[in-house]
Amino acid sequence: MAHRTRKRRLLGAVGVTLATGTVLATATLPAAHAETDAAGAAAAGVTVRPDPSYSGEKFEGWGTSLVWFANATGDYPPAVREKLYKLLFGDDGLNLNIARYNIGGGNAPDVKDYLRAGGAVEGWWKAPAGTTREDVDWWNADDPADWNKNADKTQRWWVDRIKKDITHWETFSNSPPWFMTESGYVSGNFDAGKDQLKPESVEDFAKYLVGATERLEKAHGIKVDTLDPFNEPNTNYWGTKLGPDGEPTGGRQEGAHIGPELQQKVIRALAPVLKKSRSDADISAMDETNPGTFATNWNSYPQEVRDLVGQMNVHTYGTGQRTTVRDLAKAADKPLWMSEVEGDWGDGQSFTDMRPGLGLAQRMVDDLRELEPKAWVFWQPVEDYDNMKPGGESAKGGNWGEIQLPFSCTSKDTLKSCPIYTNTKFDTARNFTHFIKPGDRLIKTNDTSSTAAVSRKGDAATVVHVNSATEAREVTLDLSKFGRVSSRATVTPVVTSADGKLEKQKPVRVTGKQATLSVPAQSVTSFLVKGVSGVAKDAAELRKGHTYRLTGVQSGKDLTLAGNGTGLVIKTPNASDPSGQQWRVEQIRGEDNRKRYVLTETGADKRLAIRDGALVAEPDEGRRDDAAQWIASSTGDGTWTLVNAATGQLPDVGGQSTNDGAPVGVWQPNSGSNQRWKITDVTGS
């Protein structure tokens with residue numbers, strides 16, 4: 001879950017007017033035209049080139065965790081709940097189709113609630129009368145009397161209300177129940193850096209998670225697809241503090257530090273329990289707070305533990321090393337989710353400031369471009385208005401959530417006394433969730449402010465562009481990478497800016513496979529492209545049978561056969577004698593961005609492989625096993641990583657050297673520039 005002291009800010013923006021209770025704009029505006037800033041100077045133009053030759057698997061969609069808002073609002077008056085439902089899951093709202101149900105841990109019956117509003121999610125256990133925090137040995141997973149099948153009514157109201165909208169359910173845990181923890185409280189260990197799950201409770205914890213998942217499925221007639229036992233486990237966020245009276249005063253949400261070694265024990269225990277259960281859920285893991293910490297945890301797992309994980313989940317509260325996790329997922333051949341993020345991106349609570357909307361939109365673009373996830377999931381789009389207002393969580397308040405309402409409303413309240421607000425994040429998010437749909441395929445673009453997708457049927461495309469500048473900007477869509485561009489192809493802009501929300505403009509005709517449109521200052525625009533399909537013959541940067549130089553991004557030198565004929569080094573390009581530096585590409589498997597290639601040095605006719613832990617050039621003969629196969633990844637900037645299909649390792653310039661003759665070995669993905677390669681086509685030269 002989000003750790004609420006972490007804020008994300010985006011510098012520079014101006015305010016806009018935004019009504020609450022948002023509905024889709026229906027007005028048709030004139031076609032986009034060139035605009036200028038107050039000084040009369042137009043912003044620099046940008047060319048965006050969507051490239052369907054590099055596409056992902058079918059996108060699963062957009063989602064949310066249900067806590068804490070579902071726990072807080074599940075017993076609200078019908079009118080309030082229904083409006084929230086429409087804003088979250090309705091066609092005119094965020095239109096979400098993925099939900100993550102939180103299996104509450106729950107403090108002991110004699111512990112007075114000290115967690116934040118909505119944070120005290122009821123556990124699925126039923127303690128005997130008189131049980132206190134000192135009683136930790138009473139629970140038996142096999143005894144029906146120890147289970148509360150009616151637990152958590154408020155979050156489960158939401159399960160029933162949204163189940164017709166949800167295509168993928170996930171259950172997850174923020175903390176084990178108090179009786180399985182070291183501290184005896186669900187808010188974390190007294191030392192936030194130490195493991196919270198008791199080693200002797202690992203088996204019980206696995207049974208608790210599976211038992212709750214089974215009961216949820218049966219009670220609500222749903223099928224849970226994945227179960228994640230962790231939430232940001234290898235962090236020091238989760239700690240409990242006691243006051244002089246021995247009562248907890250610090251730690252306002254459920255959380256548990258569970259280090260990599262203990263994570264492995266949990267996964268090993270969970271797998272056989274799941275296999276024997278009535279649930280068909282796969283294990284997902286480990287919902288770490290950022291890609292770098294995720295990689296630390298994942299790299300510590302032995303292969304047999306990785307094999308037990310069906311889906312990889314990562315948060316992007318930290319944004320470094322996204323490409324590391326992307327490459328780890330490709331090496332493991334497992335689906336990857338961006339399973340949680342939220343943030344502020346502003347300067348105090350505001351429902352009109354564009355900065356939060358622009359910040360969220362750019363985060364979504366960056367996540368989709370660098371992680372290549374199969375799904376993108378909000379932490380919780382609904383936040384506690386009272387906690388976000390000035391004087392709540394901070395002096396100025398905050399903009400967490402796309403929707404805010406008080407978490408203190410009662411059954412007697414109305415929409416007037418329990419008002420619902422939307423901020424600019426709500427509308428910029430809809431530029432993504434309305435137009436990149438489940439079943440679409442994310443594709444590469446050359447622009448870091450844009451993301452793109454091809455429709456499920458392959459006959460249309462969407463480009464979402466973020467203009468955070470204070471001036472209007474001309475955007476040229478270059479559609480030349482598509483195999484077919486109809487003579488009647490059009491681009492329809494749908495713009496969210498200071499002047500409106502999801503304003504659909506008139507279609508613009510495509511001419512010469514291009515269309516140039518102007519987007520307003522500080523705006524997010526969805527370009528709906530009709531009349532394009534397929535992939536142009538020369539679209540791919542890596543083309544079958546073509547020959548390339550591979551130049552190290554960090555060194556500026558080419559991947560070259562070493563003098564011994566088997567090792568690899570970097571050397572300055574030699575135009576007069578390029579022997580040992582030209583690599584022929586052959587695609588042998590796959591149709592998406594997990595295609596596999598064989599790379600063969602043309603002069604020596606030796607292919608690149610990993611043998612016995614070393615990068616080698618070996619004769620290109622015999623069976624091309626996984627060790628000689630490479631998965632190529634790019635963010636659209638013309639540089640690539642090469643993931644070995646057998647080991648998951650990448651060619652890596654040792655010590656980040658720039659010296660001629662420096663050896664090239666292998667290392668785990670780390671997003672370093674010494675692991676990226678610029679490609680130059682030298683076919684026929």
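Separation of segment 210-230 and segment 73-126, taken as the distance between their Cα centroids, equals 16 angstrom.
Under the simplified labelling scheme, the Ser576-Phe190 pair shows an inter-label distance of 7.6 nm, with each label point 7 Å from Cα along Cα→Cβ. Only protein heavy atoms count here; under a 1.4 Å probe, Asp135 has an accessible surface of about 60 Å².
When both segment 412-455 and segment 343-358 are represented by their alpha-carbon centers, they are found 15 Å apart. Distance from the alpha carbon centroid of segment 639-677 to that of segment 143-174 works out to 45 angstrom. For Asn189, nonlocal amide neighbours, meaning residues 5 or more places apart or on other chains whose placed amide H falls under 5 Å from its own, are Thr240, His257. The residues of segment 548-592 have, on average, 46 Å² of accessible surface per residue, using a 1.4 Å probe with all protein chains present. 3J(HN,Hα) couplings calculated from phi for segment 492-509 with the Karplus curve 6.51 cos²θ - 1.76 cosθ + 1.60 (θ = phi - 60°) are, in sequence order, 10, x, 10, 10, 10, 7, 5, 9, x, 10, 6, 6, 8, 9, 5, x, 10, 6 Hz; Gly and Pro show x. Given a Förster radius of 60 Å and the C-beta distance between Asp113 and Ile588 as r, what FRET efficiency does 1/(1 + (r/R0)^6) yield to the nearest 0.05? Calculated transfer efficiency: 0.55.
Shown in residue order for segment 453-460 are the 3J(HN,Hα) couplings computed by the Karplus curve 6.51 cos²θ - 1.76 cosθ + 1.60 at θ = phi - 60°: 8, 9, 5, 3, 7, x, 10, 7 Hz (x for Gly and Pro). Candidates Ile570, Gln656, Gly391 compared by Cα position along the dipole of the chain: farthest toward the positive end lies Ile570, with charges placed on Cβ. Given a 1.4 angstrom probe, I'd like the percentage of the accessible area of segment 234-386 that is carbon and sulfur, rounded to a whole number. For segment 234-386, the apolar C and S fraction of the accessible surface comes to 43 percent. Using 0.36 nm per residue and subtracting the Cα-Cα separation, the extra length available between Lys58 and Lys218 on full extension is 54.7 nm. Set against the 2.2 N^0.38 Å expectation for a compact globular protein, segment 530-685 has a Cα radius of gyration ratio of 0.99. For segment 406-484, the per residue solvent-accessible surface stands at 35 Å², with DNA, RNA and ligands left out and a 1.4 Å probe.
Counting Lys and Arg as +1 and Asp and Glu as -1, what is the net charge of the other residues whose Cβ lies under 14 Å from the Cβ of Ser671? Local net charge: -1. Sequentially through segment 264-269, phi angles give Karplus couplings (6.51, -1.76, 1.60; θ = phi - 60°) of 4, 5, 5, 5, 4, 6 Hz, Gly and Pro residues having no value and appearing as x. Its convex hull of Cα atoms gives segment 489-582 a direction-averaged projected area, equal to a quarter of the hull surface, of 10.7 nm².
Taking a ≥ b ≥ c as the square roots of the eigenvalues of the Cα gyration tensor of segment 327-403, is the shape rounded (a/c under 1.5), prolate (a/b larger than b/c) or oblate? Taking the square roots of the gyration eigenvalues as a ≥ b ≥ c, segment 327-403 is prolate. Multiplying the residue separation of Ser685 and Thr448 by 0.36 nm and removing their Cα-Cα distance gives an extension gain of 82.1 nm. Stretched out straight at 0.36 nm per residue, the stretch from Tyr85 to Lys276 would grow longer than its current Cα-Cα span by 65.2 nm. A Förster radius of 56 Å, combined with the Cβ-Cβ distance separating Ser480 from Ser417, puts the computed FRET efficiency at roughly 0.50. Structural descriptor for the chain: relative contact order 16 percent, calculated from alpha carbon pairs under 8 angstrom and at least 6 residues apart. Net charge in the neighbourhood of Ser526 (other residues with Cβ under 14 Å of its Cβ; Lys, Arg +1, Asp, Glu -1) is +2.
The values are calculated or read from the model by the stated rules, or taken from the named source; none is laboratory data. On a predicted model such as this, the values are computed, not experimentally measured, just so you know. As a convention, Cβ positions derive from the backbone with ideal geometry for all residues, glycine included, and neighbour counts pool all protein chains shown. Side chains included, ligands, DNA and RNA excluded: accessible areas come from the protein's heavy atoms. Shrake-Rupley method; radii C 1.70, N 1.55, O 1.52, S 1.80 Å.
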